[in-house]
1. From the backbone phi of the range 165-174, what are the Karplus-calculated ³J(HN,Hα) couplings (6.51 cos²θ - 1.76 cosθ + 1.60, θ = phi - 60°) in whole Hz, Gly and Pro given as x?
2. If you take the charge dipole of the range 15-180 about its Cα centre, with +1 on Lys and Arg Cβ and -1 on Asp and Glu Cβ, which of Leu33, Ala126, Phe85 is farthest toward its positive end?
3. Would you mind working out the accessible area per residue for the range 15-180, using a 1.4 Å probe, and quoting it in Å²?
4. How large a share of the accessible area of the range 15-180, in percent, is made up of carbon and sulfur atoms when the probe is 1.4 Å and the other protein chains stay in place?
5. For labels at Ala82 and Val106 in the simple 7 Å Cα→Cβ model, what's the distance in nm?
6. Please report the orientation-averaged projected area of the range 15-180, defined via the convex hull of its C-alpha atoms, in nm².
7. Karplus couplings for the range 16-27 from phi (6.51 cos²θ - 1.76 cosθ + 1.60, θ = phi - 60°), rounded to Hz, Gly and Pro as x?
8. Tell me the chymotrypsin sites (Phe, Trp or Tyr not before Pro) within the range 41-143 that lie in a loop according to DSSP and have at most 13 other beta-carbon atoms within 10 Å.
Amino acid sequence: ANGGLLKKIYLPRQLFPVSNLYVALVHFVPQLLILLIACLASGWHPNFKQFLCMIAGCVIVAVFALGLGMIFATFNVFFRDAENFVDMIMMVATWASPVLYLFTMVQDKMPAWFYYIYFANPLTVAVELFHYGFWLPSTELWQHWHVPAHLMTIWTPVALLIAFGTLFLGDFLFRRYEGNFAQEL
């Protein structure tokens, strides 16, 4: 979408994926404010550990999204249909993360080895960190929900490693091929 700018002037090309992340953050802040107001209205009383989990969830999502954005921005320059895969991946990511269901449904129905693959998804960990930070201290609906085993000790560091690994891979691919962007566009 920004091919015309790339051809006309020189500017750091990483600006485009990063600016998309900033736009997403601008959209996220009002939603977060509404969530905070709703949580406060329902008796939200988080502790320090839950605040850290909320921050860790935000960092995981932002870093992972930026890494994927850089990877798919690179692919999209060379393969025009890559943008169609992004929409499909977004849909699959919504259903592959416990946004609309409890993680225990996966834990109870799937084999044990699948649970580990399921929690290797950084978005699954981020969603559970948000659940722990926002919903657990504010509502009684989650009285049957429990914190996933090793959420903070194992899964959060693993998710951070995968998210930062994705960012480094995305940055590597982006820098490696950015010299060809203008001619490919």
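1. Each residue of the range 165-174 in turn: x, 5, 5, 5, 5, x, 5, 4, 4, 4 Hz.
2. Checked the options; the winner is Ala126.
3. In whole numbers, the range 15-180 has 60 Å² accessible per residue.
4. Values: 7300 of 9940 Å².
For the range 15-180, the apolar C and S fraction of the accessible surface comes to 73 percent.
5. For Ala82 paired with Val106, the spin-label model returns 2.6 nm.
6. 10.6 nm²
7. For the range 16-27, the Karplus-derived couplings read 5, x, 5, 5, 5, 5, 4, 4, 4, 5, 4, 6 Hz, x marking Gly and Pro.
8. Phe79, Tyr101
The values are calculated or read from the model by the stated rules, or taken from the named source; none is laboratory data. Since the structure is predicted, the reported quantities are computational estimates derived from the model, not experimental observations. A quick note on method: Cβ atoms are made from the backbone with ideal geometry, for glycine too, and the neighbour counts reach across all protein chains shown. In case anyone asks, the SASA skips ligands and DNA or RNA and just uses the protein heavy atoms, side chains included. Shrake-Rupley method; radii C 1.70, N 1.55, O 1.52, S 1.80 Å.
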